[in-house]
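The values are calculated or read from the model by the stated rules, or taken from the named source; none is laboratory data. Note that this is a predicted model, so its numbers are computed, not measured. Glycine gets a Cβ as well: all are built from the backbone with ideal geometry, and neighbour counts include every protein chain shown.
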Amino acid sequence: MKTIVRRLLSASAIAAVLAAPAFAAAVSGRVIDSTGQAALEGAEITLVELGRSAESGPGGAFRFADVAPGSYTLRAAYAGAESVDVAVTVTAEGDVVVDVRIGPDAGDYGESVIVVGQRANLASSISRQRAADGVESVLTRDAIGQFPDQNVAEAVRRAPGVNILNDQGEGRFIAVRGLDPDLNAATVNGARVPAPESDIRAVALDVIPSELIESIEIKKTLTPDMDADTIGASIEINTTSAFDREGAFYGATIEGSYNDATEKASPKGAFDFSTVIDGRVGVSGGVSYYQRRFATDNIEAEGWDTTGGIALFEKLEYRDYDVERTRIGLSLGLDYKASENTTLYIRGLHSIFEDQESRRRLTFDMGDIEPFAGDSGSADYRSDDERIRVERDLKDRFERQLISSVTAGGGTFMDA
């Protein structure tokens with residue numbers, strides 16, 4: 001019996017030694033574009049000889065743990081670009097860090113101007129959508145900036161299966177696949193945002209300016225890490241991380257418009273930046289200001305009917321609006337790379353939206369009076385049949401909404 005036990009223990013020890021590699025290292029790095037300025041999230045990275053694959057995360061980071069010593073081919077694939085192969089050698093000296101550049105070599109063009117167009121924007125969105133765990137649509141910063149969208153709600157309507165509910169011609173609430181906006185959830189940098197209004201559940205995303213947003217993800221299917229009350233979709237808003245770019249970045253926009261009805265101009269301006277200090281500390285932020293002054297008018301009627309070929313109505317309203325909207329947004333983020341595998345961050349967003357609306361309304365209430373003559377385009381009434389009620393009223397409404405979010409967190413790669 002003792003001999004059998006010793007043989008079993010010896011066999012187990014030999015199997016354990018053979019199963020465990022003598023040395024295992026990690027292969028990590030980042031995926032960036034050929035200019036070395038922007039990180040590429042959603043790229044597919046493959047260790048060809050081992051058949052192991054991963055997607056690059058925020059900042060273009062990727063990592064393979066427990067890689068035995070040897071020579072390997074690291075293949076990176078990104079939508080809209082040719083795949084790139086990089087030779088990697090793992091030795092007993094330690095982990096291997098390699099940056100992979102995707103896209104045409106900037107040296108092929110000499111001193112050229114880099115133009116980021118719709119193709120690059122689509123490639124970024126498609127790559128991130130392909131790497132997602134569920135069905136989602138992604139809007140990146142460059143795609144948002146190509147359109148005259150004033151706020152997050154208007155930017156989201158560019159995605160498929162999404163429509164927005166307008167207020168005075170400006171997008172406010174989001175409906176996904178025809179579902180009520182109350183069935184959606186909204187987050188800023190991963191933190192759930194409650195509705196600023198007391199009587200509804202939907203978040204009015206016209207409060208947040210689009211200029212301060214790095215990306216918007218519309219997640220249309222639930223995953224275990226999401227709240228179960230997200231029946232329609234989860235609109236996840238992300239601000240800028242300094243590690244999304246290499247070096248310093250500064251951007252500014254100045255716009256303006258003129259409204260003939262009010263004879264007033266509407267100024268708009270935004271500034272944002274990101275910079276990396278000593279490769280370990282990143283600072284990013286921005287400010288946005290927009291004051292829109294405009295006027296609208298409309299005619300509303302109810303109780304339409306036809307009597308003897310004469311078109312008539314019960315009530316008719318003439319409305320005129322003078323509106324002034326002010327939107328101010330501030331964002332600030334701090335990123336810290338504690339090690340090659342661990343990144344910490346704290347990000348804040350503060351948005352104020354003020355809506356001053358004055359309405360003049362003239363109402364004609366016909367009641368049950370029947371016209372004595374007319375046709376399909378007009379109706380004639382006698383003053384001695386019954387009185388027509390005419391009302392004139394004024395309404396002055398001021399609304400102020402505020403969305404503030406401060407999020408702290410981090411991420412780390414851990415060996416399985």
**Message:** Exactly one of these conditions fails for Ser257: (1) over 18 Å from the mean Cα position of the chain (by Cα); (2) closer than 21 Å to Glu41 by Cα. Give me its number.
**Reply:** (2)
**Item:** Which listed residue is under 18 Å from Glu246 (Cβ atoms), at pLDDT below 80, surrounded by 12 or more Cβ atoms within 10 Å (Cβ to Cβ) and not β-branched (Val, Ile, Thr), from Gly80, Gly107, Gly103
**Value:** Gly103
**Asked** Which of the residues belonging to the range 235-264 are without any contact (Cβ under 8 Å) to a residue 12 or more places away in the chain and either outside any loop (DSSP other than H, G, I, E, B) or within 30 Å of Thr342 (Cβ to Cβ) (or both)?
**Response** Tyr258
**Request:** Answer yes or no: is there a residue in the range 291-298 that is within 19 Å of Ile352 (Cα to Cα), among the hydroxyl-bearing types (Ser, Thr, Tyr) and in contact (Cβ under 8 Å) with a residue 40 or more places away in the chain.
**Result:** no
**Request:** Go over the candidates Ser404, Ser383 one by one and state the one that is of a type in the set (Ser, Thr, Tyr), out of contact with any Asp or Glu (no Cβ under 6 Å at 6 or more places or on another chain) and in a strand (DSSP E or B).
**Result:** Ser404
**Complete:** Of the candidates Gly59, Gly29, the one satisfying the condition of being part of a strand (DSSP E or B), at positive phi and either in contact (Cβ under 8 Å) with a residue 12 or more places away in the chain or among the β-branched types (Val, Ile, Thr) (or both) is Gly29
**Asked** In the range 192-231, which residues are small (Gly, Ala, Ser), within 23 Å of Asn166 (Cα to Cα) and modelled with pLDDT under 85?
**Response** Ala195, Ser198
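Listed here are the residues, each with its yes/no results for (1) over 23 Å from Met414 (Cβ atoms); (2) modelled with pLDDT of 80 or more; (3) not in a strand (DSSP E or B).
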site	(1), (2), (3)
Val86	yes, yes, no
Val97	no, yes, no
Glu111	yes, no, yes
Ile114	yes, no, yes
**Prompt:** (1) under 28 Å from Thr240 (Cα atoms); (2) surrounded by fewer than 18 Cβ atoms within 10 Å (Cβ to Cβ): which one isn't true of Val27, the others all being true?
**Reply:** (2)
**Request:** State whether the residues of the range 120-129 include one that is modelled with pLDDT of 70 or more, in contact with a Lys or Arg (Cβ under 8 Å, 6 or more places away or on another chain) and over 30 Å from Tyr289 (Cβ atoms).
**Result:** no
**Complete:** Expected single match for at pLDDT below 90 and in contact with a Lys or Arg (Cβ under 6 Å, 6 or more places away or on another chain) among Thr306, Thr262 is Thr262
**Prompt:** Which residue, of Val287, Val281, is aliphatic (A, V, I, L, M), modelled with pLDDT of 95 or more, more than 17 Å from Glu170 (Cα to Cα) and out of contact with any helix residue (DSSP H, G or I) (no Cβ under 6 Å at 6 or more places or on another chain)?
**Reply:** Val287
**Asked** When you look at Asp320, is it more than 24 Å from Arg172 (Cβ to Cβ), charged (D, E, K, R) and surrounded by fewer than 17 Cβ atoms within 10 Å (Cβ to Cβ), yes or no?
**Response** no
**Message:** Condition (residue is in contact with an Asp or Glu (Cβ under 7 Å, 6 or more places away or on another chain), among the charged types (D, E, K, R), surrounded by fewer than 21 Cβ atoms within 10 Å (Cβ to Cβ) and over 24 Å from Thr230 (Cα atoms)) applied to the range 142-160: is it met by at least one residue?
**Reply:** no
**Prompt:** Looking at the range 332-353, is at least one residue outside any strand (DSSP E or B), surrounded by fewer than 17 Cβ atoms within 10 Å (Cβ to Cβ) and in contact with a Leu (Cβ under 7 Å, 6 or more places away or on another chain)?
**Reply:** yes
**Message:** Could you go through the range 215-234 and let me know if any residue there is surrounded by 20 or more Cβ atoms within 10 Å (Cβ to Cβ), assigned to a helix (DSSP H, G or I), touching a residue at least 40 places away in the same chain (Cβ under 8 Å) and charged (D, E, K, R).
**Reply:** no
